[in-house]
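What follows is a short report on a single structure.
Each reported figure results from applying straightforward, stated rules to the coordinates on display, with no laboratory input. Fair warning: this is a prediction, and the values are worked out from it, not measured in the lab. Reconstructed Cβ throughout: ideal geometry from the backbone, glycine too, with neighbour counts over all protein chains shown.
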Amino acid sequence: MRTSPEAFLARLARHAEERPTTIALDDGARHVIFAELPGEIEARRQRLAAAGATRVALALDNGIDWALWDLALLRDGRVAVPVPGFFSQAQRCHLVASAGLDAWIGHGGEAHGFAATRDPAIATRRVTSPPALHAGTTRITFTSGTSGTPKGVCLDGLAPLTVAESLAEAVAGLAIERHLAMLPLSTLLENIGGLYAPLWLGASVHLPGVAALGWRGASGFDPRRALATLDACRPHSLILVPQLLQALVEARPKAPESLRFVAVGGARVAGTLLGRARRGGWPVFEGYGLSECASVVCLNRPGEPARGVGRPLPHAEVRLDASGEVWVRGATMLGYLGESAPTTPWHATGDLGRWEGDALVLEGRRREVFITAYGRNVDPQWVEGELCARPTIAQALVHGEALPANRALLVPASAEVDDAALAAAVAEANAGLPDYARVHEWRRSAPFTPENRQLTANGRLRRDAILAAHGDWLRTTSSCPRLEPSSTLKKECPMTPYQQLQQATRDERDWLLATPLLTRALEGRVSRDEYLAFLGQAYHHVRFTVPLMMACGARLPDRLGWLREALVEYIEEEHGHERWILDDIRAAGGDAEAAAARPADPATRLMVATVRDTIEHGNPVGFFGMVQVLEGTSTALATQAAEKLQASLALPDEAVRYLTSHGSLDIGHLAFFEGLVNRLEADDLAAVVDTARLVYRLYGAMFRGVEARCAGGSAARELCDALA
């Protein structure tokens, strides 16, 4: 089986004739039906040709644009290089230079020498002597970089589409009509299994941005936001890495009724997790693959007993050598970027396995590389080297196999090195590592020596022996905060006041973030009337921000005099922001004067009145609970919401000034705010917590009221429900 781009595009053309009005791509802001798809691809192909783009970085968020540019590159045989969003600047520089990129689509190209062209979507740079690529290369997928430097895997145009057809054949009997892309499209697994395979089947592919899916960097995930998107989309299929499956099942043990197929791969999946998911009705099917083999090699199929990682797909041949190492032939890479081509069609995976009937069961790896629960490959020796480069750390062992957070055993350089010094060393090492490779939890350890059989005679760690001695801790997760020593009981691992504030307000914060209007804003699915209504309510609480700050400063007791200086800084930053909002309303086509004259909704009025009452008749420090809510929400949502709204509503920059300014301003504010909270005593912290809890509910009621009022409902009813 070898599927060509021509065959794939011919199939899309057939779908355009047979199901012209079926949605092919949908990112929440807009959609493309199958009848439009060939024309959209051709238009972008012509734009690429006009720009002279030959090796092209795709640095976009998940969405229709990512998919269409990718399909246009496939159509013309140009080299596509997806840029993972979690790559550090250094890793991106390596990607650009090693692949010889001459075009960039998306954000961030200017940092690497790409300049704007007449086409607003395409930036280019001149490359006089591009590095040689393996003949036939049309895609370079960069692995996460086990040792810091990402490794480019060169694929031809046949391999990804061959795997896509194999996957489509494996699930053909399920009548999948809607797929929700839960992983970044820069991930080869989602690119092939979540874009090409559904399109091959004639299914709709839903492509919301990664923030709407709950992603936070490469190693963070909010299942509540993901489930809200899942509920709105009602997909038939998903592709997940183990940590996402675990988070979703914990948040909702009973599976959404729409699901028919959930592929799980990218890292080892615990049998207990699979069992728990299946008992809840999640239709999970474990698979196995790697970038060098164009993603998926084996997969458990519907209607068959679940065994290991399943049978090889139709395109793939799998064999085991005498040592048990897994070798694969079919749809394999042309070679690594910058290295000579393989001399055999068989690829040695480095994984060990055995056969159970015709299904493959994995039993470990020959190499020391581990795969995190988010599917990122990490060479522990790389991270250990960074740790041991610090003078306070003599030895280190890093472990992260199938874990959401990497853990480390640290041997101090001397008995005088305390936990604070070790924590500082870990933080310093982490600063130079991408987030998926960082150490999140650590514990002190006795030295690894030949005498305790944890070190070889030539100084290499005996990992199996160390894991046997410390496995109970290394293989489980901890409740301790990140970067804290995890060798002690929880009572010896105290939270900072700011962490206590975050934990104490978690339920209320989650309720706010689950507001449908916010979810739709992150997907660009908010109407102009809703946006103008939001700005109107924002005006009515922002205009009181500075007066409330001044009142707070006037009523602070002398023991909290140090907070007045912080309030002065806040006042200088916030002064005049209500005028920004009125300017935004005008630029968005609204009536600013009418918005200012219109009474505020009940939730907005009550929010301001509550904070004023706290300042005047309670503990004035409670005001900072409002700061926690407003700035925390801005940091999490404002910038992305502004981008989506601007794109979907065709708004000028002048119409989103309030959101864009607060999204960036509040990132710095929030770090400053954390420092203030960490200086508060228990009674003052309690006042902040109490105010924050109530303001989260009122702020959420404000958003729900905007949505209800624009739909002809009652904002007052939403306030009653919020406080019930």
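Return the ratio Rg/(2.2 N^0.38 Å) for the stretch 120-190, where Rg is computed over Cα atoms only.
On the way: Rg = 16.5 Å, N = 71, 2.2 N^0.38 = 11.1 Å.
Taking N as the residue count of the stretch 120-190, the ratio is 1.48.
Labels on offer are [x] 89, 57, 56; [y] 77, 60, 56; [z] 78, 73, 56, and the one holding Cα extents along the principal axes in Å computed from this structure is [z].
Positive-end ranking of 618, 634, 720 along the dipole of the stretch 498-723, with charges on Cβ about the Cα centre, is headed by 720. Rg and Dmax, both from the Cα atoms of the stretch 552-591 and both in Å, are 15.8, 49.
Across the options 608, 69, 651, the greatest Cα extent toward the positive end of the charge dipole of the chain (unit charges at beta carbon of Lys, Arg, Asp, Glu) belongs to 69.
How large is the helix-only mean residue ellipticity at 222 nm for the chain, computed as the sum of -39500 (n - 2.57) over DSSP H runs with n ≥ 4, divided by its residue count, in deg cm²/dmol to the nearest 500? Walk me through the numbers before you get to the answer.
On the way: 26 runs with 311 residues, N = 724.
-13500 deg cm²/dmol, from helical runs alone.
Farthest toward the positive end of the dipole of the chain, out of 94, 142, 501, is the Cα of 142, where the dipole comes from beta carbon charges about the Cα centre.
For the stretch 493-583, report the % of Cα-Cα distances exceeding 21 Å. Of the Cα pairs, 58 percent sit more than 21 Å apart. Calculated on the alpha-carbon coordinates, the convex hull of the stretch 591-631 measures out at 85 cubic angstrom per residue. Put a plus charge on the Cβ of each Lys and Arg, a minus charge on the Cβ of each Asp and Glu, and nothing anywhere else: the dipole of the stretch 186-323 about its Cα centre is then about 460 debye. With Rh defined as the Kirkwood radius, the inverse of the mean 1/r over Cα pairs, the Rg/Rh of the stretch 34-157 is 0.94.
Taken over the alpha carbons of the stretch 372-478 as equal point scatterers, the Debye sum produces base-10 log I(q)/I(0) values at 0.16, 0.18, 0.20, 0.22 Å⁻¹ of -0.67, -0.86, -1.06, -1.28.
Can you tell me which of 304-317, 436-449 comes out highest on packing, and rank the rest after it, using the mean Cβ neighbours within 10 Å? Let's see the in-between values first.
Working: 304-317: 18.9, 436-449: 20.4.
Ranked by mean Cβ neighbours within 10 Å, highest first: 436-449, 304-317.
Taken about its Cα centre, the chain carries a charge dipole of about 1420 debye when Lys and Arg each add +1 at the Cβ and Asp and Glu each add -1 at the Cβ. Here is what passes the span test in the chain: the DSSP H helices with alpha carbon length of 24 Å or more along the helix axis and a Kyte-Doolittle mean of -0.5 or above are 657-677, 682-710. Need the C-alpha centroid separation for the stretch 267-338 versus the stretch 574-627, integer Å. Cα centres, the stretch 267-338 to the stretch 574-627: 54 Å. Sorting 466-476, 390-400 by their mean Cβ neighbour count within 10 Å, with the most densely packed peptide first, gives 390-400, 466-476.
A viscosity of 1.002 mPa s and a temperature of 20 °C, combined with the Kirkwood radius over Cα pairs in Stokes-Einstein, give a translational diffusion coefficient for the stretch 359-399 of 180 µm²/s. Taken as Cα centroids, the stretch 53-91 and the stretch 1-29 sit 19 Å apart, rounded to the nearest whole angstrom.
Percentage of Cα-Cα pair distances in the stretch 498-723 greater than 32 Å, rounded to whole percent?
Values: 3633 of 25425 pairs.
Cα-Cα pairs of the stretch 498-723 separated by over 32 Å account for 14 percent.
Where a ≥ b ≥ c are the square roots of the eigenvalues of the C-alpha gyration tensor, would you call the stretch 83-149 rounded, which needs a/c under 1.5, or, failing that, prolate if a/b is larger than b/c, or oblate? The shape class here is oblate. Rounded to the nearest 20, the size of the Cβ-charge dipole of the stretch 116-264 about its Cα centre is 440 debye, with Lys and Arg at +1 and Asp and Glu at -1. When peptides 250-256, 262-268, 424-430 are ranked by their average number of other Cβ atoms within 10 Å per residue, the highest-first order is 262-268, 424-430, 250-256.
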